[in-house]
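As structure tokens, the structure follows; a few thoughts come after it.
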Amino acid sequence: RGALEAGAEAVAPGQWRVMPSGALHDATNVSRLMPVAMLFVPSINGISHAFEEDTAEDDLVAGVAVLARAVAELG
């Protein structure tokens, strides 16, 4: 999680937050085997888990940049 937080701060300084998730995502099952973290990007108008869900391309690109930084830090 620390690597994702560092990546988020580098890509979008002050524009991210820690969001504990109580949902049962795939990460729940994987966490029994190894440390996990989840990276969320915003959905347009906050709509998620619906056919209308969409994410702005800039937010997708920022998410990938955050993930790339985290992977590089851990690698």
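The values are calculated or read from the model by the stated rules, or taken from the named source; none is laboratory data. Keep in mind the model is a prediction, meaning the values are calculated, not measured. Cβ placement follows ideal geometry from the backbone for every residue including glycine, while neighbour counts extend to all protein chains displayed. Accessible surface areas use protein heavy atoms only, side chains included; no ligands, DNA or RNA. Shrake-Rupley method; radii C 1.70, N 1.55, O 1.52, S 1.80 Å.
Scanning the range 12-26 for residues that are of a type outside the set (Phe, Trp, Tyr) and surrounded by 13 or more Cβ atoms within 10 Å (Cβ to Cβ) returns a single hit, Ala12.
Only one residue in Glu9, Glu53, Glu5 is closer than 12 Å to Ala70 by Cβ and open to solvent by 70 Å² or more (accessible area, probe 1.4 Å). Which one?
Details: Glu53 fails: closer than 12 Å to Ala70 by Cβ; Glu5 fails: open to solvent by 70 Å² or more (accessible area, probe 1.4 Å).
On inspection, the qualifying residue turns out to be Glu9.
Within the range 1-21, being touching a helix residue (DSSP H, G or I) at 6+ places or on another chain (Cβ under 8 Å) and either of a type in the set (Asp, Glu) or part of a helix (DSSP H, G or I) (or both) holds for Ala3, Leu4, Ala6, Gly7, Ala8, Ala10, Val11. For the range 22-44, which positions are in contact with a Ser or Thr (Cβ under 9 Å, 6 or more places away or on another chain) and in a loop (DSSP other than H, G, I, E, B)? Within the range 22-44, Val36, Met38, Phe40, Val41, Pro42, Ser43 meet the criteria. Those residues that are in a loop (DSSP other than H, G, I, E, B) and closer than 21 Å to Pro13 by Cα, I need them from the range 45-66; list them, please. Once the filter is applied, which keeps residues that are in a loop (DSSP other than H, G, I, E, B) and closer than 21 Å to Pro13 by Cα, the range 45-66 yields Thr55, Ala56.
Residues that are closer than 13 Å to Ala3 by Cα, surrounded by fewer than 13 Cβ atoms within 10 Å (Cβ to Cβ) and of a type in the set (A, V, I, L, M) were ranked within the range 56-75; the one that is modelled with the lowest pLDDT is Leu74. I'm checking my understanding of the structure. Among residues of the range 27-50 that are of a type in the set (S, T, N, Q) and more than 20 Å from Ala65 (Cβ to Cβ), which one is most open to solvent (accessible area, probe 1.4 Å)? Selected residue: Asn45.
With respect to (1) in contact (Cβ under 8 Å) with a residue 40 or more places away in the chain; (2) over 12 Å from Ala8 (Cβ atoms), the lone exception for Ala70 is condition (2). Taking every residue in the range 17-35 that is more than 22 Å from Ala6 (Cα to Cα) and pairing it with any residue that is β-branched (Val, Ile, Thr), at least 6 positions away or on another chain, the pairs with Cβ-Cβ distances below 8 Å are Val30/Val36.
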